[in-house]
Amino acid sequence: LTPELSRQLALTLAASRYASAQFQRSPAMLLDLLASGDLDRVLAPADFRRRVEATLSGVEDEDTLMARLRQLRSREQCRIIWRDCNRLAGLWEITADLSALADACVDLSLDWLYQAMCQDIGTPQDGAGNAQRMVVLGMGKLGAFELNLSSDIDLIFSFPASGQTSGGRRALSNQDFFVRLGQRLIRVLDTHTGDGFVFRVDMRLRPYGQSGALALGFDAMQEYYQDQGREWERYAMIKARTIAGDLAAGEELLASLNNFVYRRYVDFSAIESLRDMKALINREVQRRGLRDDVKLGAGGIREVEFIVQAFQLIRGGRDLALQDRRLSKVLDVLAEKGLLPEAVVAELREAYVFLRNTEHAIQSIDDAQTQLLPSEPIERARIAMIVGFADWESFYAELNRHRSNVRRHFEILVEAPT
């Protein structure tokens, strides 16, 4: 090891119990990371896809599929944690890497399962005999290419047309086929095994929530959002993106739902729904004692997101530049069009990056899905070190400066006057 690599390794081991455990479990993985040059390499989405394709090459059964995906995920997670802790990559590169990894794992796992099911029970077809494939929408931070280090992935499953399978022992409706396919995909990604998991999967954003069918046809999706779609679902659909399956059909589905998300007029009523959502979050923060949660607490990540998406919901129907899933790009638009002063945009951007880096520092310790600041001195020292501060006190003072700025802007722009 060079002195620089030795320093980076020491910092990574001190910062992340998860990475330390993975390296102890598989020293070969650490040696491979060091020898490959990946720790210094910027990867494109196509690179992640090629890696997943190579990982799944020759897989003949579902258990092997699950094991190989988990082993790949562990390696890439350690690579990303190493680059994040050592500041070898900025926030947007880290979130793009995590999103690209998720895209490739979901799409290629879905394709493997689809082919296996078609061989076993037949191929789903529409009334004209055209083969049908599932569409997977990535929601939330995955849809916006902003996934965090230990995030779940919010998904919605759909398919273009009703019909039934052909070529199997007995015909199944397309919906039955795609529900089964979705269940198998969730199992492959979400199940905890001796090798860990790939991604936690959350399906609660689908139409009718947990009581709804796991997969719906396009007609049923359009009918739901037209007749029953709620205001908070407009907020959720801002970031929807087709990540797997029939990508072209997915784009057609999203285009058909665009008028549900973005009104053709300046829609000030959207601000009330955001206030209601924030009030619910505030009550949950108080009930669960989450004041020091950097996502949900006052001046946290969610308040920056609400500020940005308030402008999108209010004006996005008329200003297409606001119809962007990526928060950083919408902030640029708000400044360029004078919708917010440049100084305010700069403060929000700086705060958001600091808060998200803090979120990653928290999650890199144990690969845990949490945004809550720790209370133990050793854990606090880890957080301060990862984010780049000499001690907790100086880190916490800077964190509170950013949270104070966000809270001030949120009160002015979104929160109802008291």
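The values are calculated or read from the model by the stated rules, or taken from the named source; none is laboratory data. The structure displayed is predicted, hence computed values, not measured ones. Counting neighbours? That spans all protein chains shown, and the Cβs are built from the backbone with ideal geometry, glycine included. Surface areas here come from the heavy atoms of the whole protein model, side chains and all, with no ligands, DNA or RNA. Shrake-Rupley method; radii C 1.70, N 1.55, O 1.52, S 1.80 Å.
Within segment 342-353, does at least one residue satisfy the condition of being open to solvent by less than 20 Å² (accessible area, probe 1.4 Å) and more than 25 Å from the chain's Cα centre (by Cα)? Quick ask: steps written out before the conclusion?
In the first step, residues of segment 342-353 are kept if they are open to solvent by less than 20 Å² (accessible area, probe 1.4 Å); the result is 345, 348, 351-352.
Cutting the leftovers down to more than 25 Å from the chain's Cα centre (by Cα) gives us none.
No; the residues of segment 342-353 include none that is open to solvent by less than 20 Å² (accessible area, probe 1.4 Å) and more than 25 Å from the chain's Cα centre (by Cα).
Need the failing condition index for residue 167 against (1) touching a strand residue (DSSP E or B) at 6+ places or on another chain (Cβ under 9 Å); (2) on the phi > 0 side of the Ramachandran plot; (3) open to solvent by less than 30 Å² (accessible area, probe 1.4 Å); (4) not aliphatic (A, V, I, L, M), just the number.
Unmet for residue 167, out of (1) touching a strand residue (DSSP E or B) at 6+ places or on another chain (Cβ under 9 Å); (2) on the phi > 0 side of the Ramachandran plot; (3) open to solvent by less than 30 Å² (accessible area, probe 1.4 Å); (4) not aliphatic (A, V, I, L, M): (3).
What do you reckon, is residue 211 closer than 22 Å to residue 111 by Cα and polar (S, T, N, Q)?
Numbers: closer than 22 Å to residue 111 by Cα: no; polar (S, T, N, Q): yes.
Criteria not met by residue 211.
Being touching a residue at least 40 places away in the same chain (Cβ under 8 Å), buried (at least 19 other Cβ atoms within 10 Å of the Cβ) and part of a helix (DSSP H, G or I) narrows it down to one of 253, 257, so name that one. Please lay out each step first, then the result.
Values: 257 fails: touching a residue at least 40 places away in the same chain (Cβ under 8 Å).
Being touching a residue at least 40 places away in the same chain (Cβ under 8 Å), buried (at least 19 other Cβ atoms within 10 Å of the Cβ) and part of a helix (DSSP H, G or I) holds for just one of 253, 257, which is 253.
Identify, from the list 361, 381, the residue that is within 30 Å of residue 14 (Cα to Cα) and within 19 Å of the chain's Cα centre (by Cα).
361
Can you tell me which residue within segment 37-46, out of those that are open to solvent by 40 Å² or more (accessible area, probe 1.4 Å) and assigned to a helix (DSSP H, G or I), is nearest to residue 93 (Cα to Cα)?
First pass over segment 37-46, keeping only residues open to solvent by 40 Å² or more (accessible area, probe 1.4 Å): 40-42, 44-46.
Now narrow it down to the ones that are assigned to a helix (DSSP H, G or I): 40, 45-46.
Numbers: 40: 13, 45: 11, 46: 14 Å.
Here the residue is 45.
Within segment 374-384, which residues are part of a helix (DSSP H, G or I) and open to solvent by 30 Å² or more (accessible area, probe 1.4 Å)?
Going through segment 374-384, the residues part of a helix (DSSP H, G or I) turn out to be 377-384.
Result: 377, 378, 380, 381, 382.
Out of everything in segment 203-246 that is touching a residue at least 60 places away in the same chain (Cβ under 8 Å), under 18 Å from the mean Cα position of the chain (by Cα) and part of a loop (DSSP other than H, G, I, E, B), what residue ends up being farthest from residue 112 (Cα to Cα)?
238
Of all residues being open to solvent by 20 Å² or more (accessible area, probe 1.4 Å) and touching a Gly at 6+ places or on another chain (Cβ under 7 Å) in segment 126-152, which is nearest to residue 240 (Cα to Cα)? Just the residue, please.
133
Can you work out which of the residues in segment 337-373 that are part of a helix (DSSP H, G or I) and without any contact (Cβ under 8 Å) to a residue 12 or more places away in the chain is nearest to residue 386 (Cα to Cα)? Show your work before the answer.
First, the residues of segment 337-373 that are part of a helix (DSSP H, G or I): 342-366.
Applying the additional criterion that residues be without any contact (Cβ under 8 Å) to a residue 12 or more places away in the chain yields 342-343, 346.
Working: 342: 29, 343: 28, 346: 23 Å.
Residue satisfying both the conditions and the ranking: 346.
Could you tell me which of the residues 318, 302, 287, 275 is open to solvent by 20 Å² or more (accessible area, probe 1.4 Å) and assigned to a loop (DSSP other than H, G, I, E, B)? Let's see the steps before the verdict.
Details: 302 fails: assigned to a loop (DSSP other than H, G, I, E, B); 287 fails: assigned to a loop (DSSP other than H, G, I, E, B); 275 fails: assigned to a loop (DSSP other than H, G, I, E, B).
Selected residue: 318, the only one of 318, 302, 287, 275 that is open to solvent by 20 Å² or more (accessible area, probe 1.4 Å) and assigned to a loop (DSSP other than H, G, I, E, B).
Give 5, 34 a once-over and let me know the one that is over 29 Å from residue 241 (Cβ atoms), touching a residue at least 24 places away in the same chain (Cβ under 8 Å) and surrounded by fewer than 15 Cβ atoms within 10 Å (Cβ to Cβ). Steps first, answer last, please.
Values: 34 fails: surrounded by fewer than 15 Cβ atoms within 10 Å (Cβ to Cβ).
So the residue among 5, 34 that is over 29 Å from residue 241 (Cβ atoms), touching a residue at least 24 places away in the same chain (Cβ under 8 Å) and surrounded by fewer than 15 Cβ atoms within 10 Å (Cβ to Cβ) is 5.
Considering (1) at pLDDT 95 or above; (2) under 18 Å from the mean Cα position of the chain (by Cα), say which one residue 369 fails and leave the rest.
(1)
Tell me, yes or no, whether segment 60-76 has at least one residue that is in a loop (DSSP other than H, G, I, E, B) and open to solvent by 10 Å² or more (accessible area, probe 1.4 Å).
Initial filter on segment 60-76 (in a loop (DSSP other than H, G, I, E, B)): 60-61.
Remaining after also requiring open to solvent by 10 Å² or more (accessible area, probe 1.4 Å): 60-61.
Checked segment 60-76: at least one residue is in a loop (DSSP other than H, G, I, E, B) and open to solvent by 10 Å² or more (accessible area, probe 1.4 Å).
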